[in-house]
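Inspection log for the structure reproduced underneath, given as structure tokens.
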Amino acid sequence: MHRISDLPTYGEDYDVMRFARAAGWLLSGLILAAVNGANAQPSPATPSGVMVTNEALAALLREADVLIRAGKPAEAYQLLEPREGDYSGEIAFDYMLGIVALDTGKPDRATIAFERVLMTNPNFTGARLDLARAYFAMGSDDLAKNEFQIVLSQSPPENAKEVVQKYLAAIEERQLARVQRLSGYVETSFAADSNVTAVTSDFTKGVQTTFGIPGVLPTGSSIKRSGTSAGVAAGVDLIRLVDEEKGVSLFAGAELREKIYNISELNSSNLDLRGGASIARGDDTYRVFVSLGEYRQTGMNEGTNANRETPALGADWRRKIGERDQVSVSTQYSKPRYATQPTQDTDQIMVSASWLHIFEGKTVPLVFASLMRSVDNAVRPLATGSDVSHTTTGLRVHFQMTPIADTDVFLSGGVSLRNDDSLNARSALTPPVYGRDVTKDVAIGFNYRPWPKWAVKGQVAAFRNDSNLELYQYRRTEATLSLRYDF
């Protein structure tokens, strides 16, 4: 695969590109760029191989060439750009201006300069090669491909031909990626948790105040304990464009997560499968999808585990607003089903909305906020006649910035409110009550990218659940460090 970073630039592979621009290949384009007429005495050749008769211009271009060779194309651009009004239309000047514009991330400005060169001399093959490179940098693959093919038709030397072939291969791969894109990741992590089963600090008291039963001692998952875990995860996603004109794509993906605790009964496995279709119309994207989640955990109580299967159907809409904002709305219907706890089965409807904003500034600060509401309707009643139907409303906010290169820092938090819809669904109080929980969490952390496609993430998160049923109150803190590779 030939990524943009693999392809030669004026600064990174000067000899190859210099040879492509040298007098031996520029053919009839490398004649005198006479300013004062055909009878003027020429000055020495400029770095591009083009000879000029204007001593001031020749000196200016030689100074720019020194900066380029020193790895300072930005300074060369700052030197040449203010003189564009004086020398626009001069092949040597326009060519060098195009080179430094391209190598300082201004391909749009580079195309203007190279096009001026080719208007004066269509046979200037070096300028055509760099025009093709500029089109490639802009993502105008069809225009770039056309220019590269013209370059090949002009019998360039072998090393320059190899450069062109690399670009053509990269264009083919990029065009294929627009039709079909496969991506994925692998990740490993380590975590330490102060309360691995999220239980109340005084279980005996919690049972007495919630169910009116004194003297019950905690066992199994009811015992408050700290723990550590190691995790591995991997995921893959495939997107296939099926109708470019209408913007229709199909997508599918899978993700597997395994977590191994120092308490073996808590080891868990989570498999998610998903697929669907999307339509992109301008700044709007619409999706429909289906998913299936499989969660497995042995559990600490004999005969009871948390194993469940959750099929779901959903749809969402996203809109890009300008260059710095995006909003989305989604809805989902799911049916979580528990293997050993059928009274916990529900039919769930969830709706959510989110907003992303990227602020101006060198640190690229951004904020993401989301609001959700879900309604779980119990499939069957509990033995008491109540059921586990409940409604949950949640709000999350995430703030991130990049204070130094390749390192993000973030602060996020959330709050959710759960209201039981059935009296005494989780208690046996008199008079009966509706259970009510408020869960809050906050996390602070960093993302560091030591190499391309690699990321190290660390975070510390604190959770707190307040409930009118004392048995369900808890506090926990978790620290996590992970290493991830995206491909």
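Apply 1/(1 + (r/R0)^6) to the Cβ-Cβ distance of LEU152 and ALA277, taking R0 = 51 Å, and write down the FRET efficiency to the nearest 0.05. After rounding, the FRET efficiency stands at 0.80.
Apolar share of the accessible surface for the range 125-194: 52 percent from carbon plus sulfur atoms, 1.4 Å probe. In this simple spin-label approximation, ASN301 and LEU256 carry label points 7 Å from Cα along the Cα→Cβ vector, and these lie 3.0 nm apart.
Which part of the range 151-189 falls in the paramagnetic zone of GLU244, meaning amide N under 14 Å from the point 7 Å along Cα-to-beta-carbon? Of the residues in the range 151-189, 171-181 have backbone N under 14 Å from the label point off GLU244.
For ASN307, the residues whose modelled amide H falls within less than 5 Å of its own, excluding neighbours fewer than 5 places apart on the same chain, are GLN297, ALA339, THR340. How many angstrom lie between the C-alpha centres of the range 412-481 and the range 341-368? Using only Cα atoms, the two centres lie 15 Å from each other. Summing Cβ point charges (Lys, Arg +1; Asp, Glu -1) relative to the Cα centre of the range 180-246 gives a dipole of roughly 400 debye.
Working from label points 7 Å from Cα in the Cα-to-Cβ sense, the ILE223 to MET119 distance is 8.3 nm.
Electrostatic bookkeeping for VAL442 treats Lys and Arg as +1 and Asp and Glu as -1; over the other residues with beta carbon under 12 Å from its beta carbon, the sum is +1. Taking R0 as 41 Å, what's the FRET efficiency between LYS362 and ASP142 from their Cβ-Cβ distance, rounded to 0.05? Once rounded, the FRET efficiency stands at 0.70. Projected onto the charge dipole of the chain (+1 at Lys/Arg Cβ, -1 at Asp/Glu Cβ, origin at the Cα centre), which of ALA339, ILE112, ILE279 gives the Cα projection farthest towards the positive end? The one lying farthest along the dipole's positive direction is ALA339. Normalising the Debye intensity of the range 185-283 to I(0), with uniform scatterers on Cα atoms only, and taking log10 at q = 0.23 Å⁻¹ returns -1.10.
Solvent exposure of the range 424-487 amounts to 57 Å² per residue of accessible area, where only protein heavy atoms count and the probe is 1.4 Å. Here the Karplus curve 6.51 cos²θ - 1.76 cosθ + 1.60, taken at θ = phi - 60°, turns the phi angles of the range 406-417 into couplings of 6, 9, 9, 10, 9, 9, 9, x, x, 9, 9, 10 Hz, with x standing for Gly and Pro. Give the accessible surface of the range 237-303 per residue, rounded to a whole number of Å², with probe radius 1.4 Å and ligands, DNA and RNA excluded. Using a 1.4 Å probe on heavy atoms only, each residue of the range 237-303 averages 61 Å². For the pair VAL288 and GLU63, a Förster radius of 60 Å applied to the C-beta separation gives a FRET efficiency near 0.50, rounded to the nearest 0.05.
Using θ = phi - 60° in the Karplus curve 6.51 cos²θ - 1.76 cosθ + 1.60, the 3J(HN,Hα) couplings for the range 391-402 round to 10, 10, 10, x, 9, 10, 9, 10, 10, 9, 8, 10 Hz; x is entered for Gly and Pro.
Taking 7 Å steps out from each Cα toward its Cβ at VAL329 and VAL351 produces label points 0.8 nm apart. Charges were assigned to the Cβ only: +1 to each Lys and Arg, -1 to each Asp and Glu. The resulting dipole of the range 232-391 about its Cα centre is roughly 140 debye.
Summed over all non-identical Cα pairs, the Kirkwood treatment of the chain gives a radius of 27.9 Å.
Per-atom-type breakdown for the range 372-439 gives carbon and sulfur 62% of the accessible area (1.4 Å probe, protein chains only). Helical content alone sets the calculated 222 nm signal of the chain at -7500 deg cm²/dmol, taking -39,500 (n - 2.57) per DSSP H segment of four or more residues and averaging over every residue.
The values are calculated or read from the model by the stated rules, or taken from the named source; none is laboratory data. Model, not experiment: these values are computed from the prediction. Using ideal geometry, Cβ is built from the backbone for each residue, glycine included, and neighbour counts are taken over all protein chains shown. Only protein heavy atoms, including side chains, enter the accessible area calculation; ligands, DNA and RNA are left aside. Shrake-Rupley method; radii C 1.70, N 1.55, O 1.52, S 1.80 Å.
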